[in-house]
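Below: one structure, written as structure tokens.
The values are calculated or read from the model by the stated rules, or taken from the named source; none is laboratory data. Remember, it's a predicted structure, so these values are computed and weren't measured experimentally. Cβ placement follows ideal geometry from the backbone for every residue including glycine, while neighbour counts extend to all protein chains displayed.
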Amino acid sequence: MKNNKNDNYHSLSELYHENSKMRTIDYGFYKWVNQVSSDVTIREVICKPNYNFHGYPSVPLNQDILTDAEQHKKYDMFLQRKSRREFQDTPLSLAAISNILFAANGVNRQETFDDGTVWNMRTAPSPGGLFPIDIYCIVQNVEHVEPGIYSYSPVENCLYLISKQSREELNNNLCAGMRPMKASITNSAICIALVSNMARVKFKYKERGYRFALLETGHIAQNISLAVEIERAGAVCVGGFMDDSVNAMLNIDGLEHIAQYCILIGAV
Ligand SMILES: Cc1cc2nc3c(=O)[nH]c(=O)nc-3n(C[C@H](O)[C@H](O)[C@H](O)COP(=O)(O)O)c2cc1C
């Protein structure tokens with residue numbers, strides 16, 4: 001398969017990724033689509049399940065989570081979870097961010113394999129235990145942490161500062177990468193970027209590795225969303241970002257290392 005731009009050979013997943021990138025030119029299209037899809041009649045058609053099983057035998061399920069106080073408390077984070085796009089300009093504590101990162105993909109146990117090797121296992125399931133998702137933290141407003149871009153090390157349980165930048169600079173770069181999210185970005189405390197390391201999955205799973213990377217990204221993002229609720233903060237998951245801008249901000253190539261998903265988190 002040929003890539004016209006530089007004549008290099010690329011795998012199908014690389015070509016797919018390149019072709020599904022969001023670029024500034026797409027803003028006009030999405031603006032139009034948003035207008036169309038906000039029409040009530042159109043939304044009703046779009047959101048309607050395209051098949052149902054009315055008439056089939058059914059098993060009624062209980063509603064204990066909603067009605068039983070103990071169950072309600074136990075499942076509180078699921079009941080609370082929703083996207084939040086308005087944040088207060090107050091810092092989040094380092095304790096809260098530590099917890100959120102641990103929940104995201106921290107080391108929660110060690111396992112000894114048949115060959116005697118000991119592996120650090122994580123809070124999120126991972127294809128083949130290869131852990132292809134790296135977590136970058138764009139820290140804007142977290143107590144006791146200088147603004148900058150950090151890499152989360154689950155094994156050492158620390159944040160490595162990879163680029164020190166002013167809050168203003170981070171804010172501008174984030175806005176360039178996600179223009180429609182400007183209002184949310186301004187007061188957000190941190191943006192977590194989930195970056196897939198493609199070589200780590202593709203050597204074993206080849207093209208299916210691309211799917212697996214996205215699936216693990218989703219697991220981690222959901223862990224983050226729920227941990228944010230436990231911390232009584234707010235988050236919105238952002239898939240609509242300018243790929244090239246976000247990859248450039250993180251200083252990654254967008255081919256071997258790909259920013260797949262961003263989660264803006266802030267005080268609410
Ligand atoms: C894959 C994915 C991409 C998303 N991208 C964006 C985004 O770019 N901007 C945004 O404001 N919300 C984004 N969202 C959040 C959805 O808009 C939101 O989850 C949806 O409207 C349902 O609302 P809720 O999260 O409050 O339940 C995204 C959600 C998912 C799952």
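The numbered conditions (1) more than 19 Å from S11 (Cβ to Cβ); (2) within 15 Å of the ligand (Cβ to nearest atom); (3) within 13 Å of the chain's Cα centre (by Cα) are all true for I190 except (2).
Scanning region 229-248 for residues that are away from the ligand (no atom under 16 Å from the Cβ) and of a type in the set (A, V, I, L, M) returns I230, A248.
Looking only at region 66-97, residues that are polar (S, T, N, Q) and touching a strand residue (DSSP E or B) at 6+ places or on another chain (Cβ under 8 Å) come to 4 in all.
One line per residue, one yes/no per condition, for (1) within 15 Å of the ligand (Cβ to nearest atom); (2) in contact with a helix residue (DSSP H, G or I) (Cβ under 6 Å, 6 or more places away or on another chain); (3) free of Cβ contacts under 8 Å to residues at least 12 places away in the same chain:
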| residue | (1), (2), (3) |
| --- | --- |
| H54 | no, no, yes |
| L61 | no, no, yes |
| K74 | no, no, yes |
| E86 | yes, no, no |
| V107 | no, no, no |
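Of all residues in region 196-228, those satisfying the criterion of being surrounded by fewer than 20 Cβ atoms within 10 Å (Cβ to Cβ), of a type outside the set (G, A, S) and within 16 Å of the ligand (Cβ to nearest atom) are R211, L214, L215, H219, Q222, L226. Checked against (1) assigned to a helix (DSSP H, G or I); (2) crowded, with 18+ Cβ neighbours inside 10 Å; (3) β-branched (V, I, T), T186 meets all criteria but (2). Return yes when T41 is within 26 Å of P180 (Cβ to Cβ), modelled with pLDDT of 95 or more and either within 29 Å of the chain's Cα centre (by Cα) or not in a loop (DSSP other than H, G, I, E, B) (or both) and no when it is not. When the stated conditions are applied, T41 does not pass them.
For I149, the requirement of being out of contact with any helix residue (DSSP H, G or I) (no Cβ under 8 Å at 6 or more places or on another chain) and modelled with pLDDT of 95 or more is not met. Exactly one residue among C237, C191 is closer than 15 Å to N141 by Cβ, in contact with a Cys (Cβ under 8 Å, 6 or more places away or on another chain) and of a type outside the set (V, I, T), and that residue is C191. Close Cβ contacts (under 6 Å, 6 or more residues apart or on different chains) running from residues in region 237-253 that are within 11 Å of M178 (Cα to Cα) and in a helix (DSSP H, G or I) to residues that are more than 7 Å from the ligand (Cβ to nearest atom) and of a type in the set (K, R) comprise D243/K21. Here region 160-183 is the region considered, the condition is being over 25 Å from R84 (Cα atoms) and not hydroxyl-bearing (S, T, Y), and the residue that is surrounded by the fewest Cβ atoms within 10 Å (Cβ to Cβ) is K164. If you go through region 91-114 one residue at a time, do you hit one that is of a type in the set (D, E, K, R) and over 28 Å from L215 (Cα atoms)? The answer is no; no qualifying residue exists. In region 19-29 there is at least one residue that is of a type in the set (S, T, Y) and outside any loop (DSSP other than H, G, I, E, B). Restrict the check to region 146-167 and report whether at least one residue is in contact (Cβ under 8 Å) with a residue 40 or more places away in the chain, within 16 Å of the ligand (Cβ to nearest atom) and either in a helix (DSSP H, G or I) or within 16 Å of the chain's Cα centre (by Cα) (or both). No: region 146-167 contains no residue that is in contact (Cβ under 8 Å) with a residue 40 or more places away in the chain, within 16 Å of the ligand (Cβ to nearest atom) and either in a helix (DSSP H, G or I) or within 16 Å of the chain's Cα centre (by Cα) (or both).
Residue check: T186 meets all listed conditions (1) within 19 Å of V246 (Cβ to Cβ); (2) β-branched (V, I, T); (3) in contact with a strand residue (DSSP E or B) (Cβ under 7 Å, 6 or more places away or on another chain) but one, namely (3). Scanning region 190-205 for residues that are touching a residue at least 24 places away in the same chain (Cβ under 8 Å), over 11 Å from E256 (Cα atoms) and either among the charged types (D, E, K, R) or not in a strand (DSSP E or B) (or both) gives K204, Y205. Condition check: in contact with a His (Cβ under 6 Å, 6 or more places away or on another chain) and touching a residue at least 40 places away in the same chain (Cβ under 8 Å). Does A124 satisfy that? It is true that A124 is in contact with a His (Cβ under 6 Å, 6 or more places away or on another chain) and touching a residue at least 40 places away in the same chain (Cβ under 8 Å).
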